[in-house]
1. Go through the residues of region 171-184 one by one and say whether even a single one is assigned by TED's automatic domain parsing to the domain that holds Thr130, over 19 Å from Ala146 (Cβ atoms) and surrounded by 18 or more Cβ atoms within 10 Å (Cβ to Cβ).
2. Within region 165-200, can you find the residues that are among the polar types (S, T, N, Q) and part of a helix (DSSP H, G or I)?
3. If I ask for residues that are of a type in the set (Ser, Thr, Tyr), under 25 Å from Ala225 (Cα atoms) and part of a loop (DSSP other than H, G, I, E, B), which ones from region 133-164 would you list?
4. What are the pairs, 6+ residues apart or on separate chains, where a residue within region 83-96 that is within 12 Å of Ala232 (Cα to Cα) and touching a residue at least 12 places away in the same chain (Cβ under 8 Å) has its Cβ under 8 Å from a residue that is loosely packed, with under 11 Cβ neighbours inside 10 Å and of a type in the set (S, T, N, Q)?
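The values are calculated or read from the model by the stated rules, or taken from the named source; none is laboratory data. Since we're looking at a predicted model, the values are computed, not measured. When we count neighbours, we look across all protein chains shown, and the Cβ atoms used for this are built from the backbone with ideal geometry, even at glycine.
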Amino acid sequence: MTAFEPLTRGLRTFASDIAQGFLEITHNGFALVGLAVMCGALTLITQPELRQAGESQLFGWLKTRQGTPGVDIDLGAIDRATASNPQALPKQQAALAYWLSRKYRVAPEPLSAIVAEAFEIGLRSKLDPTLILAVMAIESGFNPFAQSPMGAQGLMQVMTRVHSEKYENFGGAFAAFDPLTNLRVGARVLEECIARAGSTEAGLKFYVGAANIDDDGGYVSKVIAEHGRLQAVATGRTAPAAAAGSPVTPTPDKGARSAESVALLSAF
């Protein structure tokens with residue numbers, strides 16, 4: 001017997017013990033896994049609501065993973081959408097959103113976000129939120145991408161090139177086509193116009209760029225009339241919408257914004 005044989009036998013014994021222990025651990029582990037699976041299956045059988053919830057989550061995960069062929073997955077898109085649930089609004093605001101939706105044939109969800117923002121602005125300024133909504137209605141018919149021949153843009157048809165500095169805090173002039181940004185800037189311009197002119201009617205003439213001409217194309221009377229209807233809706237009274245089958249045609253620009261009126265607007 002050489003001097004290495006006892007060492008060799010010891011190593012073999014050690015290795016055999018390790019292998020045996022590993023097998024026992026593995027066996028016990030599989031047994032535990034099997035027991036856990038059995039318990040889970042019994043739970044799902046006896047609790048069908050848990051099974052249905054699990055199936056719904058699994059199918060949702062698989063659908064998200066699979067996606068739509070040819071379409072990139074962008075779960076953050078919902079954060080960029082200008083929309084909210086009208087049923088989550090206060091009763092007064094919800095009534096306005098639904099009424100405007102029917103009249104101007106715009107989905108109530110984006111209108112809900114716009115109505116809520118108009119009321120927030122009204123709290124911070126001296127403007128009646130229904131007046132802000134009336135201006136939007138006549139200016140663009142709630143089309144956030146509207147543009148007039150003179151370059152007025154967005155929901156409130158703000159002259160972007162004239163009021164470009166007002167968009168600086170929002171990232172630049174392209175923000176004119178973001179509905180809420182356009183609403184905020186337009187409301188600020190409207191507030192400045194009314195403050196300078198001294199009355200709502202005169203301020204509206206400034207806003208449309210018709211302060212220096214007699215004929216505003218009926219703009220002020222249209223806004224005031226729509227304002228009255230919206231006030232009626234907001235207070236729970238009945239207000240007529242557009243006749244059935246006749247969509248409202250927005251009249252951005254109204255032909256009143258001339259080069260001279262644009263120069264007046266630039267003073268704000």
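1. There is no residue in region 171-184 that is assigned by TED's automatic domain parsing to the domain that holds Thr130, over 19 Å from Ala146 (Cβ atoms) and surrounded by 18 or more Cβ atoms within 10 Å (Cβ to Cβ).
2. Just the residues of region 165-200 that are among the polar types (S, T, N, Q), to begin with: 169, 181-182, 199-200.
Asn169, Thr181, Asn182, Thr200 - these are the residues of region 165-200 that are among the polar types (S, T, N, Q) and part of a helix (DSSP H, G or I).
3. Ser148
4. none
Yes/no matrix, rows are residues, columns are (1) among the β-branched types (Val, Ile, Thr); (2) at pLDDT below 90; (3) surrounded by 13 or more Cβ atoms within 10 Å (Cβ to Cβ):
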| residue | (1), (2), (3) |
| --- | --- |
| Gly218 | no, no, yes |
| Arg237 | no, yes, no |
| Gly245 | no, yes, no |
| Lys254 | no, yes, yes |
